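Reviewing the structure listed below.
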Amino acid sequence: MSEVEVPESHPRYESLLTRHRIEAGVEKGITSKQGLIAQGRGEAFDYLLGEETTDSADAAERVAAAHLLLADHPVLSINGNVAALCPGEMVDLADAVDADVEVNLFNRTDERMRAIVDHLRDHGADEVKGLEADGRIPGLDHERAKVDADGIGDADVVLVPLEDGDRAEALAEMGKTELVIDLNPLSRSARTATVPIVDNIIRAVPNVTAHARELRGASREELEDIVAAFDREAALADAERAIREGGDD
Ligand code: PTJ
């Protein structure tokens, strides 16, 4: 038995663990109630994908790692679902690519902001951005637009997992390279991303970190070649095909 009262050999172990973490996140005041709905939506797509990282998602995760390594100022954006599902893994990725982490909420309240910052510190983060909120994303209403001017405001590459479509679009319009993790290949977030990663965040983040560690010795030219070879339309089409056909071939 582990964190959840189900043996790891259970065929739906990962899915049950994910649900448990989101539920615990709501109880701790980290995750919003809407986060439960978002989780249910994601879970349905993951079920259709066979709850596995497809070859195409793995390739996108490698491209995301290359972008993060090439970036001048990479920032990992953290919302209430991300904080509940993989806080330590996000901190580990930030270490691997020398990125900032910033809490950025759709349903922003001071209590949730502080709870998430503390939760990330408990999982090893030194500095967590987001409380300053002295920058704005143009074109969004007040609360959702708040960012740190020296965080997401200044970033050239942003990882935005489980984002709502409006804000993903607004960030893309600011000219930022957007790496999106979203199990729905038809979502606006995935469709506006420079690199759409159609995979469960629980699998995706540790895999981006593993790729980043493996690519750390690569030259700038090699990383640029990896980035240039990526075809986002093909990645989205692969994901949609995998969902319709029930996982990888
Ligand atoms: O914490 P907050 O206030 O910032 O709110 C965060 C949520 C997630 C509630 C908010 O951003 C929201 O409402 O998002 P949406 O519009 O429901 O979109 C979430 C997307 O993430 C959907 O397309 C889901 O399919 C996808 N998703 C859900 N769980 C996962 C996921 N993708 C990858 N891994 C998951 N575990």
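The values are calculated or read from the model by the stated rules, or taken from the named source; none is laboratory data. None of these values were measured; they are calculated from a predicted model. Don't worry about glycine lacking a Cβ; one is built from the backbone with ideal geometry, like all the others, and counts go over all protein chains shown.
Across the stretch 127-153, the number of residues qualifying as farther than 13 Å from Ser77 by Cβ and of a type in the set (D, E, K, R) comes to 7.
Checking each residue in the stretch 165-189 for being within 19 Å of Met90 (Cβ to Cβ) and touching a helix residue (DSSP H, G or I) at 6+ places or on another chain (Cβ under 7 Å) picks out Arg167, Ala168, Thr177, Glu178, Leu179, Val180, Ile181, Asp182, Leu183, Ser189. Residue check: is Asp156 in contact (Cβ under 8 Å) with a residue 40 or more places away in the chain and either away from the ligand (no atom under 16 Å from the Cβ) or among the basic types (Lys, Arg) (or both)? Yes. Quick check: is even one residue across the stretch 2-15 in contact with a helix residue (DSSP H, G or I) (Cβ under 6 Å, 6 or more places away or on another chain), at pLDDT 95 or above and not charged (D, E, K, R)? For the stretch 2-15, residues in contact with a helix residue (DSSP H, G or I) (Cβ under 6 Å, 6 or more places away or on another chain), at pLDDT 95 or above and not charged (D, E, K, R): absent.
Pairs meeting the criteria (first residue in the stretch 34-57 and near the ligand (Cβ under 6 Å from one of its atoms), second residue modelled with pLDDT under 95 and charged (D, E, K, R), beta carbons under 9 Å, at least 6 apart or on different chains) are Ala38/Asp164; Gln39/Arg19.
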